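A.B. asks: One structure coming up, written as C-alpha cells, with questions to follow.
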Amino acid sequence: MTDILKFSIPGKPEYVGTVRLAISSLANCAGFDIEAVEDIKVAVSEACTNVVCHGKPNREECYEVDCEVGDGRITISVVDRAGGYDMANYQRPVLDCDCPKEGGLGLFIIKALMDEVDIFSEIGMGTSIKMVKYLSRI
C-alpha cells in the first residue's frame with residue numbers, strides 16, 4: 001500500500017525547514033535508517049532551496065511537495081510553476097580543483113544522495129524534481 005501526502009508551500013525560505021522536518025519524519029516512520037533519513041533531508045532541502053532561490057520573485061507564490069511512501073521506497077516530488085531553466089545549459093560542477101565555482105551544487109548533491117532523480121524544467125513553465133530513495137535490502 002502506498003500513502004500519498006501533498007504539501008503546498010509558500011516560496012519563502014523560512015518554510016524550507018518545515019518541509020525538511022515533515023519529510024524526514026515520514027521517512028523515519030517508513031523505516032529508513034538514520035543515514036538514509038539524513039540523505040533525504042538534505043536532498044529535499046536542496047530541491048526546496050532551488051525553488052526559493054531560482055523561482056518566481058513573488059514569494060507569495062506556492063510550490064508543491066508530494067510524497068509517496070510505500071512499496072519499500074519514498075518518492076518525493078518538488079514542483080514549482082515559475083522560473084525554470086534550460087537543462088541543456090546545466091554544467092556539472094568541477095569539484096577536483098582548488099577553487100570550485102559557487103552555486104550549481106544543488107542538483108549534484110541531490111543526485112548523489114538519492115537513488116533515482118528525474119528533473120524536468122522549461123523556462124517560464126517551472127521545474128519538477130522527482131527523487132526516489134529505496135529502503136536498504138539486508
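The values are calculated or read from the model by the stated rules, or taken from the named source; none is laboratory data. All of these numbers come straight from a predicted model, not from anything done at the bench. Note: ideal-geometry Cβ built from the backbone for every residue, glycine included; neighbour counts use all protein chains shown.
A.B. asks: Exactly one of (1) part of a loop (DSSP other than H, G, I, E, B); (2) at pLDDT 70 or above; (3) of a type in the set (D, E, K, R) is unmet by K130. Its number?
C.D. replies: Only one criterion in (1) part of a loop (DSSP other than H, G, I, E, B); (2) at pLDDT 70 or above; (3) of a type in the set (D, E, K, R) is unmet by K130, namely (1).
A.B. asks: Please determine whether any residue of region 2-16 is out of contact with any strand residue (DSSP E or B) (no Cβ under 7 Å at 6 or more places or on another chain) and of a type in the set (S, T, N, Q).
C.D. replies: No, every residue in region 2-16 fails to be out of contact with any strand residue (DSSP E or B) (no Cβ under 7 Å at 6 or more places or on another chain) and of a type in the set (S, T, N, Q).
A.B. asks: Within region 1-46, track down each residue that is farther than 16 Å from V69 by Cα and part of a strand (DSSP E or B).
C.D. replies: Result: S8, I9, P10.
For (1) under 16 Å from F120 (Cα atoms); (2) acidic (D, E); (3) modelled with pLDDT under 95, each residue gets a yes or a no:
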| site | (1), (2), (3) |
| --- | --- |
| H54 | yes, no, yes |
| S77 | yes, no, no |
| D80 | yes, yes, yes |
| M87 | yes, no, yes |
| Y90 | yes, no, yes |
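A.B. asks: Right, here's the next one. Looking at region 8-52, which of the residues that are out of contact with any Lys or Arg (no Cβ under 7 Å at 6 or more places or on another chain), touching a residue at least 60 places away in the same chain (Cβ under 8 Å) and farther than 15 Å from L113 by Cα is surrounded by the most Cβ atoms within 10 Å (Cβ to Cβ)?
C.D. replies: Among those residues, the one meeting the criterion is V51.
A.B. asks: Let me ask something additional. Would you check if I110 is crowded, with 19+ Cβ neighbours inside 10 Å, at pLDDT 80 or above, in contact with a Lys or Arg (Cβ under 9 Å, 6 or more places away or on another chain) and in a helix (DSSP H, G or I)?
C.D. replies: No; evaluated as a whole, the condition is false for this residue.
A.B. asks: Related question: Condition (residue is more than 22 Å from R81 (Cβ to Cβ) and of a type in the set (D, E)) applied to region 39-47: is it met by at least one residue?
C.D. replies: Yes - at least one qualifying residue is present in region 39-47.
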